[in-house]
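The values are calculated or read from the model by the stated rules, or taken from the named source; none is laboratory data. Every value quoted in this text rests on a predicted model; they were computed, and no experiment measured them. Using ideal geometry, Cβ is built from the backbone for each residue, glycine included, and neighbour counts are taken over all protein chains shown.
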């Protein structure tokens with residue numbers, strides 16, 4: 001069990017390095033392109049809406065159904081090997097998670113500091129890490145749960161697509177700050 005957890009952490013660190021680096025690069029590019037912020041926000045809004053339409057099944061983007069597999073990559077039985085596989089996994093799996101990742105990278109590009117962009121992608125990586133860690137802790141229980149949950153995956157994709165469409169529309173209309181206003185309004189009730 002300890003070895004599985006150690007290798008899982010190595011795997012998670014591997015894909016986290018890729019995603020956090022993508023966040024840093026997006027933020028840097030976003031800062032350079034700040035003078036075109038309004039135009040880029042419109043383009044980003046349209047792209048996010050397209051990805052949302054893809055997730056809902058309304059619009060099929062064939063490129064997002066492909067992935068790159070590294071079958072020859074060996075060494076997953078050590079923490080360093082697991083890190084390398086996690087690193088490679090991030091590149092191979094990126095098309096599968098493209099719509100959501102693209103949305104988060106777009107948000108990272110709009111950040112005013114490098115650390116904020118990196119934090120966004122670190123949280124994203126953490127969100128991906130939790131299922132892997134839970135799986136490592138209880139593979140058998142997870143497989144039983146997943147076999148029951150699999151029938152709901154389409155509903156999750158459609159809901160995620162709807163959320164992306166809403167975010168894209170807010171970005172397109174220049175009303176993205178409504179989210180922070182809404183969250184601060186909810187925060188008042190939580191206290």
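Identify, by number, the condition in (1) part of a helix (DSSP H, G or I); (2) over 25 Å from residue 127 (Cβ atoms) that residue 60 doesn't meet.
Condition not satisfied by residue 60: (1).
Residue-by-condition table, conditions (1) surrounded by 10 or more Cβ atoms within 10 Å (Cβ to Cβ); (2) in contact (Cβ under 8 Å) with a residue 12 or more places away in the chain:
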{"residue": "124", "(1), (2)": "yes, yes"}
{"residue": "137", "(1), (2)": "yes, yes"}
{"residue": "143", "(1), (2)": "yes, no"}
{"residue": "147", "(1), (2)": "no, no"}
{"residue": "163", "(1), (2)": "yes, yes"}
{"residue": "173", "(1), (2)": "yes, yes"}
{"residue": "177", "(1), (2)": "no, no"}
{"residue": "182", "(1), (2)": "yes, no"}
{"residue": "185", "(1), (2)": "no, no"}
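State whether the residues of the stretch 3-25 include one that is closer than 20 Å to residue 163 by Cβ and either crowded, with 19+ Cβ neighbours inside 10 Å or modelled with pLDDT of 80 or more (or both).
Yes, the stretch 3-25 contains at least one residue that is closer than 20 Å to residue 163 by Cβ and either crowded, with 19+ Cβ neighbours inside 10 Å or modelled with pLDDT of 80 or more (or both).
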